[in-house]
1. Residues to consider are 57, 123; find the one that is touching a strand residue (DSSP E or B) at 6+ places or on another chain (Cβ under 7 Å) and over 20 Å from residue 170 (Cβ atoms).
2. Looking at 168, 181, which one is within 12 Å of ligand 1 (Cβ to nearest atom) and touching a helix residue (DSSP H, G or I) at 6+ places or on another chain (Cβ under 6 Å)?
3. Only one of these is touching a residue at least 24 places away in the same chain (Cβ under 8 Å) and within 14 Å of ligand 2 (Cβ to nearest atom): 203, 241. Name it.
4. Of everything in segment 136-158, what is among the β-branched types (Val, Ile, Thr) and not in a loop (DSSP other than H, G, I, E, B)? Give them in sequence order.
5. Of the residues that make up segment 200-210, is at least one within 14 Å of ligand 1 (Cβ to nearest atom) and in a helix (DSSP H, G or I)?
6. Considering only residues that are in contact (Cβ under 8 Å) with a residue 60 or more places away in the chain and closer than 21 Å to residue 140 by Cα, look in segment 211-229 and name the one that is nearest to ligand 1 (Cβ to nearest atom).
7. Scanning segment 142-194 for residues that are within 11 Å of ligand 2 (Cβ to nearest atom) and crowded, with 24+ Cβ neighbours inside 10 Å, which turns out nearest to residue 114 (Cα to Cα)?
Amino acid sequence: MLTSRANGNNRTWEVRATRAVNYDVRETSDVLSPHNPTLLIGGRGTSRRFVVVDEVVYASREEQLRAYFEHHGVEARILPVTATEPNKSFELFFSLARELDAFRLNRRTEPIIAIGGGVLTDVVSYVASCYRRGVPCIRVPTTLMGLIDAAIGIKTAVNFDHGKNRIGSFEPPFAAILDRGFLATLPMRHILNGVGEIMKLALIRDAQLFELLEKEGKAAIDDRFQTQGREILRGAIGGMLEELEPNLWEENLERATDFGHTFSPVLEMKDVDGLLHGEAVAIDCAFSVVLSQQRGMITKATSDRALDTMARLGLPLYHPMATPDLFLEGLEERTAHRDGYQRAPMMVDIGKYQFLNDITYEELVSSMRVWEEEAKKRGPTPFTSRAETSRRCCPRRPRPTATAATSRAA
Ligand SMILES: NC(=O)c1ccc[n+]([C@@H]2O[C@H](COP(=O)([O-])OP(=O)(O)OC[C@H]3O[C@@H](n4cnc5c(N)ncnc54)[C@H](O)[C@@H]3O)[C@@H](O)[C@H]2O)c1
Ligand SMILES: [Zn+2]
């Protein structure tokens with residue numbers, strides 16, 4: 001309720017309002033089957049839909065998508081876009097805004113539908129959060145990273161100049177619709193990229209999830225989570241949401257989900273063309289496991305168990321560009337980001353953690369020596385040299401082309 005009070009000769013009106021955040025994360029299967037109405041939630045009658053889809057997904061799903069909306073008598077504007085990291089930009093943002101104008105989107109009853117990986121859902125969600133100061137958006141993730149992380153929280157963003165996710169907003173989706181069927185076509189490297197984040201959650205906050213990864217992780221990965229690994233996915237999604245819900249705007253800077261995210265950002269930037277985010281996170285997790293063990297926070301048996309499981313699942317444990325100086329730089333940068341304290345979540349057991357604020361340079365030096373030995377014991381790392389990384393499949397960041405046009409009408 002508005003109150004006002006006198007302040008000397010002046011007056012202050014105190015506006016105090018709260019905004020509820022309500023959205024559903026819904027698991028479904030065969031989301032593009034005409035018999036599944038989930039994709040049409042939030043609409044009124046046979047309202048229209050503006051659908052933005054990752055062009056790689058579109059290539060194999062175009063007919064199904066068109067048939068879906070035709071079956072339901074919904075006029076759909078389906079827009080395939082190139083959703084790569086260099087295209088996660090204001091150019092794509094503006095081209096989508098123009099398409100929305102041309103479509104004359106109704107403000108409340110025609111939720112935008114975003115179908116793709118984290119790049120696509122981040123940009124489309126950001127446009128939706130700004131267009132007419134906010135229109136509903138339904139996210140349909142098609143990567144493992146999207147299913148367990150990018151599509152289920154409230155962060156949206158584009159990259160700006162050299163800053164990753166530099167400009168964005170906190171805006172909940174109308175809903176996130178999860179169909180693991182999309183993972184059937186996802187390259188194995190991107191499956192493992194998502195597993196890096198799942199492993200992070202398991203090691204730091206969920207011993208049961210870790211046991212599932214130990215027992216069923218390999219089979220689930222080989223199967224791209226199609227018939228196996230359902231409980232792993234549910235554990236990861238539920239765990240991520242349990243962490244997010246009480247801290248949606250990241251007001252509490254002590255976040256368990258920051259495990260694997262203390263040293264990885266600098267490594268990711270250092271090997272910007274070679275490393276995926278989830279790979280850098282896995283490497284950081286492995287280092288952090290060794291650091292905890294060196295401090296006596298976990299036993300050698302626990303450290304071995306964690307590293308053996310990561311290696312067996314095919315996660316990277318080590319990167320040759322990591323140096324104590326680089327990790328110190330990362331730690332200092334994160335300390336600023338976390339408002340002056342390291343607030344580094346570190347394991348005290350599988351699934352249990354405490355925050356550290358006193359990691360020293362000397363400790364980075366000594367842990368790094370042990371880390372390298374432990375990683376080498378477990379086989380060759382996929383990241384042996386820059387030359388090697390640039391030869392691997394699925395280049396992540398194709399150079400931006402001169403033309404900024406990123407969407408084309410279907
Ligand atoms: N908003 C958040 O909270 C949040 C959280 C994590 C990551 N992110 C963001 O997500 C982005 C990374 O997302 P990502 O890992 O999903 O990668 P991505 O969106 O770049 O997709 C990876 C690749 O897979 C392709 N692809 C997507 N779905 C496919 C499918 N089903 N079959 C075959 N190919 C498919 C894409 O075209 C792309 O080439 C980063 O920009 C990151 O900043 C955001
Ligand atoms: Zn992450």
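The values are calculated or read from the model by the stated rules, or taken from the named source; none is laboratory data. What you see is a predicted model, and the numbers here were worked out from it, not measured in a lab. Every residue, glycine as well, gets a Cβ built from its backbone with ideal geometry; the counts of neighbours run over all protein chains shown.
1. So the residue among 57, 123 that is touching a strand residue (DSSP E or B) at 6+ places or on another chain (Cβ under 7 Å) and over 20 Å from residue 170 (Cβ atoms) is 57.
2. On the way: 181 fails: touching a helix residue (DSSP H, G or I) at 6+ places or on another chain (Cβ under 6 Å).
Exactly one of 168, 181 is within 12 Å of ligand 1 (Cβ to nearest atom) and touching a helix residue (DSSP H, G or I) at 6+ places or on another chain (Cβ under 6 Å), namely 168.
3. Within the list 203, 241, the selection yields 203.
4. 138, 140, 148, 156, 158
5. Scanning segment 200-210 turns up at least one residue that is within 14 Å of ligand 1 (Cβ to nearest atom) and in a helix (DSSP H, G or I).
6. Just the residues of segment 211-229 that are in contact (Cβ under 8 Å) with a residue 60 or more places away in the chain, to begin with: 213-214, 217-218, 221, 225.
With closer than 21 Å to residue 140 by Cα added as a condition, the list becomes 221, 225.
Values: 221: 15, 225: 12 Å.
The residue in question is 225.
7. Out of the qualifying residues, it is 150.
To keep it simple, each residue is scored yes or no on (1) within 14 Å of ligand 2 (Cβ to nearest atom); (2) surrounded by fewer than 24 Cβ atoms within 10 Å (Cβ to Cβ); (3) under 26 Å from residue 303 (Cβ atoms); (4) among the aliphatic types (A, V, I, L, M).
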{"position": "209", "(1), (2), (3), (4)": "no, no, yes, yes"}
{"position": "231", "(1), (2), (3), (4)": "no, yes, yes, no"}
{"position": "246", "(1), (2), (3), (4)": "no, yes, no, no"}
{"position": "251", "(1), (2), (3), (4)": "no, yes, no, no"}
